[in-house]
Amino acid sequence: MPFTPFHFGPGAVIHAIAPKQVSFLAFCAANVMIDVEPLYFMITRHDRLHQFFHTYVGATLVALATLLLFFGCRAFARHFWLPNLFGWQDLQPKQVAVGAIIGTYSHIVLDSIMHMDITPFAPFSDINPLLRIVSLSTLHWICFGAGVLALFILAVRKLINDEIAASR
């Protein structure tokens, strides 16, 4: 994806469907962490931008790093004040793990569709069976549409919850 936020649409819809099982914050954090790699290779002027962390092996390590970062921040927050933006301190480890895993693996799937320099199955294989499986514009619309669908699901859920609260 040309911008990491495009990845957030599919994550938002997954979170909207299963908010107690999937941390959207961990999903986003994992996506940003994985895209540090191409940023680094852009800055250092490498020809190949998507390397180790854009494989399923590398993505697994990024998901693990996201979970470890969460545990580290939570431990730090017990001793020092950290703002609880978006309720991150209330998240369960399973929610964070699921969000990070879905975030990294979906990142590899989406980037595999559009970037020629990705070898998602390395070091076991250099093939990328998803390359250009759909057009770039279709891929962008799918990600954008998923974000819109997520907002719709969340709005409907809020309306239902407000109706339930008002009837009590």
*How high is the relative contact order of the chain, in percent, counting Cα pairs under 8 Å that sit 6 or more residues apart?*
35
*Backbone N under 11 Å from the C73 label point (7 Å along Cα→Cβ), restricted to region 11-25*: 25
_J(HN,Hα) series, region 113-118, from Karplus relation 6.51 cos²θ - 1.76 cosθ + 1.60, nearest Hz, glycine and proline x_ = 5, 10, 9, 6, 8, 9
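Go through region 68-168 and name the chymotrypsin sites (Phe, Trp or Tyr not before Pro) that are in a DSSP coil and have 11 or fewer other Cβ atoms within 10 Å of their Cβ. Kindly include the intermediate steps, with their values, before the conclusion.
On the way: sites: F70, F71, F76, F80, W81, F86, W88, Y105, F121, F124, W141, F144, F152; in loops: F80, W81, F121, F124.
Sites meeting the loop and neighbour criteria: F80, W81, F124.
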*Rounded, prolate or oblate (a/c below 1.5 giving rounded, otherwise prolate when a/b exceeds b/c) for region 83-168 by Cα gyration tensor*: oblate
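Once R0 is set to 45 Å, what does the formula 1/(1 + (r/R0)^6) return for the Cβ-Cβ distance between T44 and V156, expressed as a FRET efficiency to the nearest 0.05?
Working: r = 46 Å, r/R0 = 1.02.
Rounded to the nearest 0.05, the efficiency is 0.45.
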*Report, in deg cm²/dmol and to the nearest 500, the calculated mean residue ellipticity at 222 nm for the chain, where each DSSP H run with n ≥ 4 adds -39500 (n - 2.57) and the sum is divided by the residue count.*
-22000 deg cm²/dmol
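Given axes a ≥ b ≥ c from the Cα gyration tensor, I'd like to know whether region 1-79 is rounded (a/c under 1.5), prolate (a/b larger than b/c) or oblate. Walk me through the numbers on the way to the answer.
Details: a/c = 2.25, a/b = 1.38, b/c = 1.63.
Oblate is the answer for region 1-79, as a/c is 1.5 or above yet b/c matches or exceeds a/b.
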*Scaled radius of gyration (Cα, divided by 2.2 N^0.38 Å) that the chain gives*: 1.15
_Tilt relative to the chain, helix 24-34 - C-alpha long axis, 0 to 90 degrees, to 10_ = 20
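Where a number appears in this text, it was derived from the coordinates with a stated rule and is not lab data. Keep in mind that what you see is a predicted model, and the values were worked out from it rather than measured. Quick reminder, even Gly has a Cβ in these numbers, built from the backbone with ideal geometry, and neighbours come from all protein chains shown.
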